[in-house]
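Since every read-out is calculated from the coordinates, none of them should be taken as a lab result. Values in this document were obtained by computation on a predicted structure and should not be read as measured data. We place every Cβ from the backbone using ideal geometry, glycine too, and count neighbours over all the protein chains shown.
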Amino acid sequence: MPLPLAPAAAFALRAGTVALAAYAVRRSIRKGRTDQRAEDALDDTDEGIAVHSARDRDQKNAAARFRRVFRWGDRGLEIDAAAIGRIRLRRV
């Protein structure tokens, strides 16, 4: 009995395309570094969301922090998520 190659070839083509795209994305991601100044700024961020604009600059700044502890019996999980963002719009 002959083996139908068309479905296997279509699957191999799709899987190869996905693998190639994943490899390309992986190669384009730079290796990061930990900046202690940024870590300290995130640790100093107040809980909640804050937005403000500086009078001497044409930019909007935003900061957000979420800290919660979830407990299940005698074990728990602490979630501490913080973000700082800046949007600067300039006419050139």
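For the peptides 22-34, 5-17, residues were scored by their other Cβ atoms within 10 Å and the scores averaged per peptide; the highest-first order is 5-17, 22-34. Using the Cβ-Cβ distance between R90 and F70 with R0 = 41 Å, the FRET efficiency computed as 1/(1 + (r/R0)^6) comes to roughly 0.45. Determine which residues of segment 22-47 fall in the zone a paramagnetic label at D80 would reach in this model, i.e. backbone nitrogen under 15 Å from the point 7 Å along Cα→Cβ. Backbone N within reach: 36-47.
Pairs of alpha-carbon atoms within less than 8 angstrom and 6+ residues apart define the contacts here; what relative contact order does the chain have, in percent? Can you show the working numbers first?
Details: 82 pairs, mean separation 18.0, N = 92.
It comes to 20 percent, rounded to a whole number.
L5 to L20: extension gain in nm, 0.36 nm per residue of separation minus the Cα-Cα distance? Kindly include the intermediate steps, with their values, before the conclusion.
Numbers: separation 15, 0.36 × 15 = 5.40 nm, distance 2.18 nm.
The span from L5 to L20 would gain 3.2 nm if fully extended.
Largest mean-square fluctuation among D74, D40, D56, in a Gaussian network model of the chain whose springs join Cα atoms under 10 Å apart, belongs to D74. Computed over the alpha carbons of segment 5-88, Rg followed by Dmax gives 21.9, 67 Å. Estimated at 0.36 nm per residue, the fully extended path between R55 and R27 surpasses their Cα-Cα distance by 6.0 nm.
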